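Okay, structure first, notes after.
Derivation of every value follows stated rules applied to the coordinates shown; laboratory data play no part. Keep in mind it's a predicted model, so treat the numbers as computed, not measured. Every residue, glycine as well, gets a Cβ built from its backbone with ideal geometry; the counts of neighbours run over all protein chains shown.
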Amino acid sequence: MVISCEPRVGSQPLEAARDTASPNRNLAPVTASLDSEGRLEVGGCRLSDLARTYGTPLYVLDEATLRGTCRAYREALQQHYPGPSLALYASKANSSLAITALVAAEGLGLDAVSAGELLTALQGGMPAARIVLHGNNKSREELALAAERGVTVVADNWRDLELLAELAPGFREPVRLMLRFTPGIECHTHEYIRTGHLDSKFGFDPDQLDAVLRQLQDCRWARLTGLHAHIGSQIFELQPHRDLAGVMADALQLARSLGHPVADLNVGGGLGIRYVASDDPPSIDAWVRTVAEAVVSACRERGLELPRLLCEPGRSLVATAGVTLYAIGSRKEIPGIRTYLSVDGGMSDNPRPITYQSQYTALLADRPTAEASETVTVAGKHCESGDVLLKDTQLPPATCGDVLVVLATGAYNASMGSNYNRIPRPAAVLVGEAQAELVQRREQPEDLLRYDVLPARLAPVA
Ligand code: LLP
């Protein structure tokens, strides 16, 4: 369904200084603006109208911001890396047919980690040649699906190789294989989302690299096309990525010296975004330039021919494109302690605050520039005291029925959502050029009963 939203005369940009070249440095989508009545719109659609039409909670995704981040990666790679390159969208950040189709149209590839993400990618139109399958415990079925469709498999451990060897008699052609290893690089981010340090469940230990490369030397069912490492997520420092280039170039040198014509070097993702005003992530251009220059100089130092440079951004591609709309319901004032505003979603549509103590920025859809004169805590509707989306945040006085907009929710919200308390998942709309299109239907309470089975002996007696 396409809803047309009249463009409003007098629309003005929400933020005076907006970094359109690097949307991950903005708090709001690039198209966020105020209409003539001072209400917030994104993609030319007034947010409170979207809330009324589609209900709340509602995920809103701005097409221009998403296309902008895709282009920023593509152009920065072309500008700063003299060899071939490709950015792969880490679809764990937000996997849907619509996002896949947009990312594919922008010329990116995609990283999937399960049969679900893989099927979404293939059905969303992502060419198999541009997809890689990750995972530290891939099932036989997931590996078979990837091999059959011509998707590159990133082997994470010996078990992947054993399973592939078992499946190999059914392969029409050798499977394209990359090897993931733990680079032993520390970075400053939440410990749950650090992956590069040695004590990690992901990838071959660097000490095993020699053995696995030798084992693959006379393997006829696989072609080793690349090496992969990923150091973590929501990273603001650039140095760990410089260090990574050296570690990966050493691995590339080893692989090539053992006769593997490895062409691809995949440095993972990890670039952070701005969730609150005090966050100061590097731009996409600065991140890509750092990575590209480090890979070029590490290869030159070792006399290596330049590989194709792959990277796997997730958060920095989609987070800022997304906002979530909630309806404010009850208000509880505890004198001298705290004022709670409860919204109609919470940890089931955004589990990041309760999981990582993540901070967010919120606005009122229809009074985004009113003075934020109150300190309130925005709580979700789940039966959990920790179900708080924003703690002690500043907002204009808000009442029941106001629409709250939480910014930068495009990554790791929908994809990490749950049905806790049997709350249905929100709908999602894509906005752009004053049009809104439904891209994910709202789940209904009845949908949640679909997989329940009531044994006949327990059925209620009529
Ligand atoms: N490649 C690999 C192999 C990954 O494991 C990840 C993220 C990425 C790429 C993308 O990283 P990004 O560019 O998004 O930082 N749920 C957490 C984030 C977990 C990241 C997992 N891996 C959060 O909400 O902060």
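Taking the Cα centre of the chain as the origin, how large is its charge dipole in debye, to the nearest 20, when only Lys and Arg (+1) and Asp and Glu (-1) carry charge on their Cβ atoms?
Values: 44 positive and 55 negative charges, 115 e Å.
Roughly 560 debye, rounded to the nearest 20.
Kirkwood Rh, the range 173-319, all Cα pairs: how many Å?
Values: mean 1/r = 0.0632 Å⁻¹.
One over the average 1/r among Cα pairs gives 15.8 Å for the range 173-319.
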Q | Formal net charge of residues neighbouring VAL267 (Cβ-Cβ distance under 15 Å; K, R +1; D, E -1) | A | -3
(Q) Compute the angle between helix 158-167 and the longest alpha-carbon principal axis of the chain, please, reported from 0 to 90 degrees and rounded to the nearest 10. (A) 80 degrees
Q: May I ask you to derive the FRET efficiency for ALA101 and SER139 from their Cβ-Cβ distance with R0 = 22 Å, giving the value to the nearest 0.05?
A: 0.25
Q) When the Kirkwood radius is taken over all Cα pairs of the range 90-156, what Stokes-Einstein diffusion coefficient follows at 25 °C and 0.890 mPa s, in µm²/s? A) 214 µm²/s
Q | Hydrodynamic radius by Kirkwood, which averages 1/r over all alpha carbon pairs of the chain, in angstrom | A | 23.4 Å
Q. Roughly how many debye, to the nearest 20, is the charge dipole of the range 64-318 about its Cα centre, given +1 on each Lys and Arg Cβ, -1 on each Asp and Glu Cβ, and no other charges?
A. 640 debye
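Among residues other than GLY329 whose Cβ falls under 14 Å from its Cβ, what is the net charge (Lys/Arg +1, Asp/Glu -1)? Don't skip to the answer; put the middle values down first.
Details: positive: ARG331, LYS332, LYS381; negative: ASP344, ASP387, ASP402.
That works out to 0.
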Q. Among all the lysines, which ones have a C-alpha under 29 Å from LYS332's C-alpha, if same-chain residues fewer than 8 places away are not counted?
A. LYS381, LYS391
(Q) Over 10 Å intervals from 0, what percent of Cα-Cα pairs in the range 32-150 sits in each interval? (A) 12, 34, 28, 19, 7, 1
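Which of the peptides 231-243, 328-340 is most tightly packed, and how do the rest follow, going by the mean number of other Cβ atoms within 10 Å of each residue?
Values: 231-243: 20.2, 328-340: 12.1.
Result, highest mean first: 231-243, 328-340.
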Q.
Give me the net charge for the shell around HIS230: Cβ to Cβ below 9 angstrom, other residues only, Lys and Arg +1, Asp and Glu -1.
A. 0
(Q) To make sure I understand the rule: partners must be lysines, Cα under 18 Å from the Cα of LYS138, and not fewer than 8 residues away in the same chain. Which ones qualify? (A) LYS92, LYS201
Q) For the chain, with the dipole built from +1 on Lys and Arg beta-carbon atoms and -1 on Asp and Glu ones, taken about the Cα centre, which of ILE185, CYS311, VAL175 lies farthest toward the positive end? A) VAL175
Q: May I ask you to derive the relative contact order of the chain, considering only C-alpha pairs under 8 Å and at least 6 residues apart, and to give it as an integer percent?
A: 20 percent
Q | Highest to lowest packing among 143-152, 372-381, scored as the average C-beta count within 10 Å | A | 143-152, 372-381
Q.
Which residue, LEU227, ALA362, LEU404, has the largest displacement toward the positive end of the dipole of the chain when charges sit on each Cβ (Lys, Arg +1; Asp, Glu -1)?
A. LEU227
Q) At 222 nm, what helix-only mean residue ellipticity would the chain give, in deg cm²/dmol to the nearest 500, using -39500 (n - 2.57) for each DSSP H run of four or more? A) -7500 deg cm²/dmol
